[in-house]
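Scroll down for the structure; my scribbles are underneath it.
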Amino acid sequence: MLMYGFDVGGTKIEIKIFDSEMNVLDSWRVPTPTNDYSVFISTVQQMVAKADKKFSDRSSVGIGLPGVIDKEGRVTTVNIPCLCGKQLLKDLVQTLNRNVGLVNDVRAFALSEAMARENYHSETVLGVVLGTGVAAGLCINGQIHLGKAAVAGEIGHSCIHATLQQKYQFPIQQCNCGLLGCYEKYLSGSGLLFISQHLGFDYVNTRDIVNDLNCDNPNAKEVISCYLDCLGQFLAQQVLAFDPDVIVLGGGLSNIDFLYKEIPHYIEQYLFGDLKSPQILPPQHGDSSGVRGAALAGRVENN
Ligand SMILES: [Zn+2]
């Protein structure tokens, strides 16, 4: 049986058709209807119908999207306003006439990486995405841990540690979530630029910082050293909370090669005794991990 994975973003919906070995057989994308719920539902329905027809199949459907999806399948997302408050899971199950896996895209990323060959035998895998936002997914024995309100993994909205705030004299920033001092404001792509600005440098995009870092530029080194210090403290807290076998990083900032060599040292300085950092790995499936994880979540719903 094939699997259909959907990656729903604020601008496009992508479908990927996987075989049972997770090979991609086909994929296409369409613009996301963001303001009309019924058009959104019919768009997904048409994509599924096209795939069913093309592959003469009636495959499992898994959908990953940004935002919080509660256990009843109700969605809260800023990127696709028409989905907010809607019983998306119930409506999709009814419309598509099959079980559907509906999962937050970062949790989907974590599932994909937990099921990847290299991590398959790890009991606990924490996937941490450092991109536009900062969030995570915890997989235990190949299953996503959602928690009571399905917010397990929203660690980007925990508060920056007092030691970091004092050490760097960071202002406590207001986060879009309504809280103050969220790690996301310091560890996301814009967080890295904030750190650069705070240290007195005028970088306007993260690519320039990385390029300068590769040329041993002292300004870029200072920015990245501060960023890694914050990331090390942040990940050390996750180690103390979850003690994962492996942490897989994703998102735009996970492409900084330098990070993997340095980060264990930064983590360990915030762990007590002789505690060691778990393995910190780059993603095995890169940007495809979200849609791959969504497909896997769909398969679970149809087993
Ligand atoms: Zn926040």
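The values are calculated or read from the model by the stated rules, or taken from the named source; none is laboratory data. Keep in mind the model is a prediction, meaning the values are calculated, not measured. Heads up, the Cβs are rebuilt from the backbone with ideal geometry, glycines too, and the neighbour counts pull from every protein chain shown. Remember, those area values only see protein heavy atoms, side chains included, never the ligands or the DNA or RNA. Shrake-Rupley method; radii C 1.70, N 1.55, O 1.52, S 1.80 Å.
Tabulated data for the structure shown
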{"item": "Neighbour net charge for Ser158 - beta-carbon separation under 13 angstrom, K R +1, D E -1", "result": "-1"}
{"item": "For the chain, accessible area per residue (1.4 Å probe, heavy atoms of protein chains only), Å²", "result": "47"}
{"item": "Among Pro33, Pro171, Pro283, residue whose mean-square fluctuation peaks in a GNM of the chain (springs only between Cα atoms under 10 Å)", "result": "Pro171"}
{"item": "Computed accessible area, His265, all protein chains, 1.4 angstrom probe, square angstrom", "result": "110"}
{"item": "The stretch 117-283: relative contact order as a whole-number percent, Cα under 8 Å and 6+ apart", "result": "24"}
{"item": "Residue among Asp202, Asp274, Asp52 with the largest mean-square fluctuation in a Gaussian network model of the chain, springs linking Cα atoms under 10 Å", "result": "Asp274"}
{"item": "Rounded to 10°, Cα long-axis angle of helix 257-268 versus longest principal axis of the chain", "result": "70"}
{"item": "Neighbourhood charge, 12 Å Cβ-Cβ cut-off, centred on Asn176 and excluding it, Lys, Arg +1 and Asp, Glu -1", "result": "0"}
{"item": "Heavy atoms of Asp91 accessible to a 1.4 Å probe, total area in Å² rounded to 10", "result": "40"}
{"item": "Potential extension, Glu262-Asn35 segment - 0.36 nm per residue separation minus Cα distance", "result": "77.3 nm"}
{"item": "Estimated FRET transfer efficiency (Gln279, Tyr120; beta-carbon r; R0 22 Å; 0.05)", "result": "0.95"}
{"item": "Positive-pole candidate from Leu281, Gln45, Ala297, dipole of the chain, charges at beta carbon", "result": "Gln45"}
{"item": "Nearest-10 value in Å² for the accessible area of Ser27, using the 1.4 Å probe", "result": "50"}
{"item": "Percent antiparallel among DSSP beta bridges (both partners in the stretch 51-160, rounded to 5)", "result": "70"}
{"item": "Amide H contacts of Leu25 (H built 1.01 Å from N, under 5 Å, at least 5 apart or other chain)", "result": "Ile17, Phe18, Asp19"}
{"item": "Accessible area, probe 1.4 Å, largest first, for residues Arg292, Arg207, Arg299", "result": "Arg207, Arg299, Arg292"}
{"item": "Shape call, the stretch 34-163: gyration tensor on alpha carbons, a/c limit 1.5", "result": "oblate"}
{"item": "Exposure ranking of Cys226, Cys177 by accessible area [1.4 Å probe, largest first]", "result": "Cys177, Cys226"}
{"item": "Mean residue ellipticity (222 nm) of the chain, computed from DSSP H runs ≥ 4 via -39,500 (n - 2.57), nearest 500", "result": "-12000 deg cm²/dmol"}
{"item": "The chain, relative contact order [Cα under 8 Å, separation at least 6], %", "result": "22"}
{"item": "Most fluctuating residue given options Thr43, Thr163, Thr32, as computed from a GNM of the chain linking Cα atoms under 10 Å", "result": "Thr163"}
{"item": "Between the stretch 46-99 and the stretch 242-293, the alpha-carbon center distance in angstrom", "result": "30"}
{"item": "Exposure rank, largest accessible area first [Glu154, Glu301; 1.4 Å]", "result": "Glu301, Glu154"}
{"item": "Protein accessible area in the stretch 117-283, 1.4 Å probe - carbon and sulfur %", "result": "50"}
{"item": "Estimated FRET transfer efficiency (Gln197, Lys167; beta-carbon r; R0 22 Å; 0.05)", "result": "0.80"}
